[in-house]
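Notes for the one structure printed next.
The values are calculated or read from the model by the stated rules, or taken from the named source; none is laboratory data. From a predicted model like this one, the values you see are computed outputs, not experimental measurements. Glycine gets a Cβ as well: all are built from the backbone with ideal geometry, and neighbour counts include every protein chain shown.
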Amino acid sequence: MWVARKFWFGEKAFREVYLFGLLLHIAFDLVTSYGTMVFSLFPNYRAYFDVMFIIDPFLDLILLGGLVLGWKFAGVRGYKWGTYALTGYLVLNMGVTGFSMVQLDRWADE
């Protein structure tokens, strides 16, 4: 909690920080190929978008790069640039996945 107050969230309440982290974790789980049991009322159903693999070293490098950039060099602007890079990487993965699915459908129809 102290780390979140010191580096990112200022004086926000712990529940806001916790809720943000929880929602972010669920969002990251949804874009993996494994997914998450967000709808746990329905047994054995995993919601997923299958945009990236569960362990993605490029995603880890982007996250660590944004943290180091904000921590050592640019402050809040560094964290924002890290967030932009992360968003761009996710959008790029979604585009590549969508394009490959369209190509796969075309090849299957031939």
**Request:** Pull up segment 29-42, narrow it to residues that are under 26 Å from residue 100 (Cα atoms) and of a type in the set (S, T, N, Q), then point me to the one that is surrounded by the most Cβ atoms within 10 Å (Cβ to Cβ).
**Result:** 32
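Would you pick out the residues in segment 23-49 that are among the β-branched types (Val, Ile, Thr) and outside any loop (DSSP other than H, G, I, E, B)?
So in segment 23-49, the residues among the β-branched types (Val, Ile, Thr) come out as 26, 31-32, 36, 38.
Across segment 23-49, the qualifying residues are 26, 32, 36.
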**Prompt:** Filter segment 43-89 for residues that are under 24 Å from residue 99 (Cα atoms) and of a type in the set (Gly, Ala, Ser); which is surrounded by the fewest Cβ atoms within 10 Å (Cβ to Cβ)?
**Reply:** 88
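Could you check segment 1-16 and list, in sequence order, the residues that are modelled with pLDDT under 70 and either surrounded by 12 or more Cβ atoms within 10 Å (Cβ to Cβ) or part of a helix (DSSP H, G or I) (or both)?
Within segment 1-16, the first condition is being modelled with pLDDT under 70, and the residues that meet it are 1-14.
2, 3, 4, 5, 6, 7, 8, 9, 12, 14 - these are the residues of segment 1-16 that are modelled with pLDDT under 70 and either surrounded by 12 or more Cβ atoms within 10 Å (Cβ to Cβ) or part of a helix (DSSP H, G or I) (or both).
So if I check each of 36, 83, 87, which one is touching a strand residue (DSSP E or B) at 6+ places or on another chain (Cβ under 9 Å), on the phi < 0 side of the Ramachandran plot and not acidic (Asp, Glu)?
Details: 83 fails: touching a strand residue (DSSP E or B) at 6+ places or on another chain (Cβ under 9 Å); 87 fails: touching a strand residue (DSSP E or B) at 6+ places or on another chain (Cβ under 9 Å).
Only one candidate qualifies: 36.
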**Item:** Identity of the residue in segment 90-110, within 19 Å of residue 29 (Cβ to Cβ) and β-branched (Val, Ile, Thr), that ends up surrounded by the most Cβ atoms within 10 Å (Cβ to Cβ)
**Value:** 97
